[in-house]
Amino acid sequence: MYLPLAAVVVLVVLACYAVLRRCGMSERPRDGVRRQLDADRGALLLRTAQRNREYCDLVQLWSQTIAVAPHNYRAHFNLGRAHSERGDDERARGNRERARGDEERARLHDERARFHFERERSHYEEACG
């Protein structure tokens with residue numbers, strides 16, 4: 001995900017640099033912009049390093065995912081698999097059961113959304129002929 005964004009980041013930095021040159025900014029304000037960009041780059045580097053450590057531990061990775069999206073049944077299923085690989089069958093079983101419940105809830109939500117979409121589409125076709 002990060003590599004495809006590299007080209008976008010380079011283009012944004014070059015565009016900002018071109019705008020600053022066209023505006024005739026002196027070196028001092030540009031130095032402030034450079035310092036801010038360096039600070040931003042440092043913060044992103046630290047977050048990337050932190051996320052890379054999370055990728056090394058599947059239990060931590062899927063636990064973080066569940067913390068952000070608690071009804072994500074795939075995350076619960078994958079956390080169950082990670083616990084199972086570690087030999088923690090009790091936690092694995094609990095996560096698999098939670099995944100099944102969330103999967104059923106997601107399926108019902110999708111069916112309800114499809115029903116409403118079809119109903120609205122028929123209203124639209126009636127109105128627009």
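Every number in this text was worked out from the coordinates using simple rules, so none of it is lab data. Since we're looking at a predicted model, the values are computed, not measured. Heads up, the Cβs are rebuilt from the backbone with ideal geometry, glycines too, and the neighbour counts pull from every protein chain shown.
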- Task: Determine, for each peptide in 12-21, 82-91, 119-128, the mean count of other beta carbons within 10 angstrom over its residues, then list the peptides with the highest first.
- Result: 82-91, 12-21, 119-128
- Message: Quick one: the Cα spread of the chain along its three principal axes, in angstroms, biggest first?
- Response: 62, 61, 20
- Message: Show me, bin by bin at 10 Å from 0, the whole-percent P(r) of segment 58-129 based on Cα pairs.
- Response: 21, 34, 18, 14, 10, 4, 0
- What's the Cα-based Rg to Rh of segment 50-97, Rh via Kirkwood? 0.97
